1. Could you compute the net charge surrounding residue A:163? Neighbours are other residues with a C-beta less than 14 Å from the C-beta of residue A:163; K and R count +1, D and E count -1.
2. Cβ neighbours within 10 Å, averaged per peptide: list A:144-151, A:400-407 in order, most packed at the top.
3. So how much accessible surface do B and A hide from each other in total, probe 1.4 Å, in square angstrom to the nearest 100?
4. Could you work out, residue by residue across A:154-167, how many beta carbons of other chains sit within 10 Å of that residue's beta carbon, and then give the average as an integer?
5. With every protein chain left in place, what is the accessible area per residue of the range A:82-124 in square angstrom, probe 1.4 Å?
6. Please compare each pair in A:75/A:199; A:75/A:488; A:99/A:152; A:75/A:152 to a cut-off of 29 Å on the Cα-Cα distance and tell me which ones are over it.
7. Rounded to the nearest whole Å², what accessible area per residue is found for the range A:149-254 with the 1.4 Å probe?
8. For peptide B:11-22, compute the average count of partner chain beta-carbon atoms within 10 Å of each residue's beta-carbon.
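The values are calculated or read from the model by the stated rules, or taken from the named source; none is laboratory data. Quantities reported herein were computed from a predicted structural model and do not represent experimental measurements. Cβ placement follows ideal geometry from the backbone for every residue including glycine, while neighbour counts extend to all protein chains displayed. Heavy atoms of the whole protein, side chains included, go into the accessibility calculation; ligands, DNA and RNA do not. Shrake-Rupley method; radii C 1.70, N 1.55, O 1.52, S 1.80 Å.
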Amino acid sequence: MTVRNDFAPGALALSEQAVHLLRRNPAALADYYIGALPFVLGMLFFWSDMSRNPDAGSYCAPTAAGLAALFMWMKLWQARFCRRLTGILNDAPPEHWSKARCWRTAARQALLQATGLLVLPLAALIMLPLGWVYAFYQNAAVLDGPATRQLKGLYKAAWQQAALWPGQNHLLLTIFSLFATFVLADIAMGLMLVPYLLKWLLGIETAFTFSGMHAMTNTTFLAIVVALTYLCIDPLIKAAYTLRCFSGLSRRTGDDLLAVLKPFLKVAVIAMVLWAGPVSAAQMSPAERAAQVPAVSAQRDYSQRLDDTIQQVLQQRRFAWRLPREKSPAPPPDERSWLTRTLRWFSGIITAFGNSVNRWIESLAEWLGRRFPQEEDDRATPTDWHVLIGFIFYGIGAGLVMLLLITLRRWFRSRLSVQAKTGSTDTAPPIDINDEEISAEDLPRDRWLSMAQELIARGDLRQALRALYLSVLAQLGDSGRVRLARFKSNRDYLNELVRRVHAEPELLTRFDRCMAAFERAWYGMHPVTAKHISDFKGDQARIFFLVQHAATVGEPGNG
Amino acid sequence: MPADRYWHQQLLVGMQGLSAFLFLWYLFFLLGQMLLAIPHSFHEGTIWQSEWWRKP
């Protein structure tokens, strides 16, 4: 059977209807998030744990089992969400979900949607079948109802709807992809800006403000952004595919007509009652008619009042769009598609702009012709003004080449100055020891030690203690005991050390002592004496010896 | 519905759910192994802070 495309709702209209459907029924979103939030939180925990915790490999399997259970839970509730939307479209009461039905739906959905985790990336790789495959998996969630109790029936119904109106489907996916891109960028920027707002308004420092733009490059941040985007976009996509399936199925069932006509059925019943009254009165005897006269007149008054009320209601502004515009004849319908109309409009704008530029150039040429009369330049006659335009464009080209050369020269000079600065760092370190933003990774261990010696010689013992502490951290970072990062606190380094070098208790004790001494002096009010420095240097030298000794005997650094 | 058909249906649902769970378990386990195999510097983003473009 061939299907006319005229019945297909437009992709843009479908996405708008999806937004309105969700806005009018926000309670339906509760169904969605009951299922999706636990899975997304579990997935983020799994991702973060597997990417950071060195012991995560030992319990990867049980965690994956928990995630699989959460996935099944999410798919059950997504099917319930779509069924609820379908019920709203059909103006039907909410469906009953028994325990047995929940089990059946969860099993069916899990089996079908689990294959999507493999098939969808493959389809995206090939690109061509992605639209159909994506629609199939969305339809499988929408159509899982009493009519498709068997997996085979659900599979066939989902494929039938996925194959319907491919142009509309691909356009819908394009719209949602663009929308998702903007949402993703918004969420990423929001997550980056909120910590800075906290810092500026409330003075609260977070890991984001410590590490600046580098916080965006870790995989957990990216996973959080993608997960939040999914939570924002996916209900909308599911609503759009629910509407699409509703339109597709209505070609056979007429459910869409029924849903549109339902509000008018009450009016039709009243009209039938009013029409039946006079007909029955005409069939009465004269005596009966005489007896019915007061009742008929009362009914006529009632019908007159009803007509007046209907007229008053129809005059309201919100119903004005339903009335025919009799004063102005309707314009002939435009047979072209919206894409053609948009491209025509766009090309019209470009043509108008081109014409304007052309007029400007002609005006400029005329002005130049008046300024430089014909006898001063034999080549430039009033008719060959394009020679002047050619000169102007040559001038612009030469200016651009000059600009490029100047930019290149500046770039080379700045690069040379950077290299010169890098080469001169051996004699004049640009690091300010009082700066809270510096990190142990800014200088090698020897440079921190030499800086500490200079500070001790000047009598700045507090600053010298900090330089010594940073040299210890740099030493531990070089040997792989800790991974240096700007956003990490001293407690983070200690925890990392406890995790990695629990077999070296002396190293732990020495570092703990160094950290306590540094924090007492730097963050507290404790004065720093020469004895403190000497004790600290003893610990630092011992740590250096332990690290070197371990490297000599071949012990792994991060065992 | 006859009793044997009912039990057949229940068994089918159970098999569907179990096979889906095992398949999902395996997929998420592979995802976990993949995350564990990725270097720590990539997860923390420090791999992008080494200014590799300035190195010869």
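1. On the way: positive: A:156, A:244, A:251; negative: none.
So the surrounding residues net to +3.
2. Working: A:144-151: 15.4, A:400-407: 10.0.
Ranked from most to least packed, the peptides come out as A:144-151, A:400-407.
3. On the way: alone 5550 and 36100 Å², together 38700 Å².
The B and A chains share an interface burying roughly 2900 Å².
4. Details: counts 0, 0, 0, 0, 0, 0, 0, 0, 0, 0, 0, 0, 0, 0.
Partner-chain Cβ atoms within 10 Å, mean over residues of A:154-167: 0.
5. Values: 2160 Å² over 43 residues.
Here the residues of the range A:82-124 average 50 Å² of exposed surface.
6. Numbers: A:75/A:199 40 Å; A:75/A:488 39 Å; A:99/A:152 22 Å; A:75/A:152 18 Å.
Over 29 Å apart, Cα to Cα: A:75/A:199; A:75/A:488.
7. On the way: 5370 Å² over 106 residues.
Accessible area per residue: 51 Å².
8. Numbers: counts 0, 4, 8, 2, 2, 10, 9, 3, 4, 14, 10, 3.
Whole-number average of other-chain Cβ neighbours for B:11-22 is 6.
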